[in-house]
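J.: The structure that follows is given in the form of structure tokens.
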Amino acid sequence: MRILVVDDDPRIRETLAGPLGAAGYDVTAVGDGAAALAAVERERPDLIILDVAMPGMDGFAVCRELRAYEELSGLPRTPVIFLTVRDDFASEETGFQAGADDYVAKPFSIPALLARVRLRLPNAPVRVIDDYLRLDLTTRDVAVRRDGVWQPVRLQPLEYALLERLYLNAGIWISRSDLLEQVFDRDDEDTKAVEKYIHFLRQKLEPDPKAPVYIQSMRSVGYRFKPLDRAV
């Protein structure tokens, strides 16, 4: 499934491209409306995440042009999710009138945005596989390949939540305190729970838990899922 990200802020494009790619989507990111419309004609994305406030053609105008192009060409409607700092009712109404399917205000939560993407792409093959570890973000099935055979791994809810948070931010270091708040819903300073569940995950997933490959750590920084070479 192909997703087009349109935002004039390169930091937002990077923030979105990583988790979307990690979730198994093929991501194209562009910085303005003209490039977005060109990408639509060239690549026919399955979904578009579209900023509103951009120089030149704003997101509302891009969406109107997209809907006119689809109608003229007899093409199916491409889901559009607006992602914008404009969270007032009038802007939201304008967005839906322009042809949007969803409207998300900045700042936004990556897991919540991914949930909205999955809602608009219910049949998307959100499955990520490498030669050893398999993670299906749709069914929440996890498996490792041992002796040439894929073997299911049973994870407790908190173990899976921790793995998913790390995986969706693959290559990005996350502090213990942030993981404690984001996964365990705690705002205290006792991060032993994070270390405990990291240990559990490594025991279940790593080829050698004493030399972890997937769940990496750096002293005084935190943890990360290894940078991904590809997502399929």
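J.: Condition first: of a type in the set (Gly, Ala, Ser), farther than 25 Å from Arg42 by Cβ and surrounded by fewer than 17 Cβ atoms within 10 Å (Cβ to Cβ). Now tell me which residues in segment 66-123 satisfy that.
T.: Once the filter is applied, which keeps residues that are of a type in the set (Gly, Ala, Ser), farther than 25 Å from Arg42 by Cβ and surrounded by fewer than 17 Cβ atoms within 10 Å (Cβ to Cβ), segment 66-123 yields Ala90, Ala105, Ser109, Ala112, Ala115.
J.: Count, please, the residues in segment 38-65 that happen to be of a type outside the set (Asp, Glu), crowded, with 19+ Cβ neighbours inside 10 Å and over 23 Å from Asp87 (Cβ atoms).
T.: 3
J.: Contact list please: Cβ distance under 6 Å, first residue in segment 75-100 and assigned by TED's automatic domain parsing to the domain that holds Asp7, second residue in a loop (DSSP other than H, G, I, E, B), pairs at least six apart or on different chains.
T.: Pro79/Asp101; Val80/Ala100; Val80/Asp101; Phe82/Val52; Phe82/Ala100; Thr84/Val52; Val85/Lys106; Arg86/Val52
J.: Against the condition out of contact with any helix residue (DSSP H, G or I) (no Cβ under 8 Å at 6 or more places or on another chain), part of a helix (DSSP H, G or I) and of a type in the set (A, V, I, L, M), how does Ala68 come out, does it pass?
T.: Yes.
J.: Another one. Considering only residues that are under 20 Å from Pro10 (Cβ atoms) and either part of a helix (DSSP H, G or I) or of a type in the set (S, T, N, Q) (or both), which ones fall in segment 23-42?
T.: Thr28, Gly33, Ala34, Ala35, Ala36, Leu37, Ala38, Ala39
J.: Arg116: out of contact with any helix residue (DSSP H, G or I) (no Cβ under 9 Å at 6 or more places or on another chain), among the basic types (Lys, Arg) and either under 24 Å from Ile48 (Cα atoms) or in contact (Cβ under 8 Å) with a residue 60 or more places away in the chain (or both), yes or no?
T.: Yes, satisfied.
J.: If you don't mind, there's one more thing I want to ask. With the checklist (1) under 20 Å from the mean Cα position of the chain (by Cα); (2) surrounded by fewer than 20 Cβ atoms within 10 Å (Cβ to Cβ) in hand, flag the one item Ile3 doesn't pass.
T.: Unmet for Ile3, out of (1) under 20 Å from the mean Cα position of the chain (by Cα); (2) surrounded by fewer than 20 Cβ atoms within 10 Å (Cβ to Cβ): (2).
J.: Would you please name the residue that is nearest to Val142 (Cα to Cα), looking only at residues in segment 208-221 that are without any contact (Cβ under 8 Å) to a residue 12 or more places away in the chain and surrounded by fewer than 12 Cβ atoms within 10 Å (Cβ to Cβ)?
T.: Asp208
J.: Okay, moving on. So which residues in segment 86-124 are in a loop (DSSP other than H, G, I, E, B) and over 19 Å from the mean Cα position of the chain (by Cα)?
T.: Arg86, Asp87, Asp88, Gly99, Ala100
J.: If the requirement is being within 23 Å of the chain's Cα centre (by Cα), of a type in the set (D, E, K, R) and either over 30 Å from Phe184 (Cα atoms) or not in a loop (DSSP other than H, G, I, E, B) (or both), which of these qualifies: Arg77, Arg145?
T.: Among Arg77, Arg145, only Arg77 is within 23 Å of the chain's Cα centre (by Cα), of a type in the set (D, E, K, R) and either over 30 Å from Phe184 (Cα atoms) or not in a loop (DSSP other than H, G, I, E, B) (or both).
J.: Restricting attention to segment 189-207, does a residue exist that is assigned to a loop (DSSP other than H, G, I, E, B), surrounded by fewer than 12 Cβ atoms within 10 Å (Cβ to Cβ) and modelled with pLDDT of 95 or more?
T.: No: segment 189-207 contains no residue that is assigned to a loop (DSSP other than H, G, I, E, B), surrounded by fewer than 12 Cβ atoms within 10 Å (Cβ to Cβ) and modelled with pLDDT of 95 or more.
J.: While we're here: How many residues does segment 157-178 hold that are closer than 14 Å to Ile110 by Cβ and of a type in the set (A, V, I, L, M, F, W, C)?
T.: Qualifying residue count, segment 157-178: 6.
The values are calculated or read from the model by the stated rules, or taken from the named source; none is laboratory data. These numbers were taken from a predicted model, which means no experiment stands behind them. Methodologically, a virtual Cβ is constructed for each residue, glycine included, from the backbone with ideal geometry; neighbour enumeration extends over all protein chains shown.
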